[in-house]
1. Using amide H atoms built 1.01 Å from N in the peptide plane, name the residues 5+ places from S27, or on other chains, whose amide H lies under 5 Å from its own.
2. Please list the radius of gyration and Dmax for region 18-59, considering alpha-carbon atoms only, with Å as the unit.
3. Which listed residue (M145, V159, V133) has the Cα farthest towards the positive end of the charge dipole for region 116-171, taking +1 on Lys and Arg C-beta and -1 on Asp and Glu C-beta about the Cα centre?
4. Once you have the Cα-Cα distance between K122 and I104, take 0.36 nm times their residue separation minus that, and quote the gain in nm to one decimal.
5. Distance between the C-alpha centers of region 140-171 and region 33-74? Whole Å please.
6. How are the C-alpha pair distances of region 116-171 spread across 5 Å bins, as whole percents from the shortest bin up?
7. List, in order, the whole-Hz ³J(HN,Hα) value for each residue of region 22-36 obtained from phi through the Karplus relation with A = 6.51, B = -1.76, C = 1.60 and θ = phi - 60°; use x for Gly and Pro.
Amino acid sequence: MTVQNEQRRAAVYRLWDADGNLLYIGSAYDPAKRSRKHRGKDWWPRVARRTDDWHPSREAAYVAETAAIAAARPLGNRISGPGAVAAPAPKPPTTTPLFVLAEIDAYFDEVRTEPPAVRFRKLTALMEAVEEVATIRRKVIFEEMRADGMTYRQIGDAVGLSFARVRQILAS
């Protein structure tokens, strides 16, 4: 089965010199293969290591890459002129599940140095907040369906819940 490009994970890779200086930021489905294509660059002989940050899609990786280049301005990236990659990225839609997952991944990348117990508590708090928002939104949608004249059973059939669960959500 072939995975469509939009559904494939992609990485933002960073190339560093031995002193820890950032030389280049790029993105690719296969960062090892892609980073080797930079061998002809004048800064390539200084590359000592590569780090990869994975994202749920190429679009999410492009957004992260552009922001990282704009913030760090590495030696090897072109910042202005034709073909510049650090131009402001269009804001991705914030309603797509992939964007939400990318944001959660980025958040946990930021706190990865914290102890596991702290990360667990932060994840739990995040899940509770998401659940609270989802509960409110679900109720609003059900109220709209009721206003359109649908019964609890019709709403349940439309969304795959029992009419009792629909009634419970509306009563909360």
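1. For S27, the qualifying residues are Y13.
2. Rg and Dmax of region 18-59, Cα atoms, are 11.2, 32 Å.
3. V133
4. 5.4 nm
5. Using only Cα atoms, the two centres lie 48 Å from each other.
6. 4, 20, 22, 17, 11, 8, 8, 6, 3, 1
7. 6, 9, 7, 10, x, 9, 5, 6, 10, x, 5, 5, 5, 5, 5
Taken together, the values in this text are just the output of simple stated rules run on the coordinates, not laboratory data. Just so it is clear, the model here is predicted, and its values are computed rather than measured. Every residue, glycine among them, receives a Cβ derived from its backbone with ideal geometry; neighbour counts consider all protein chains shown.
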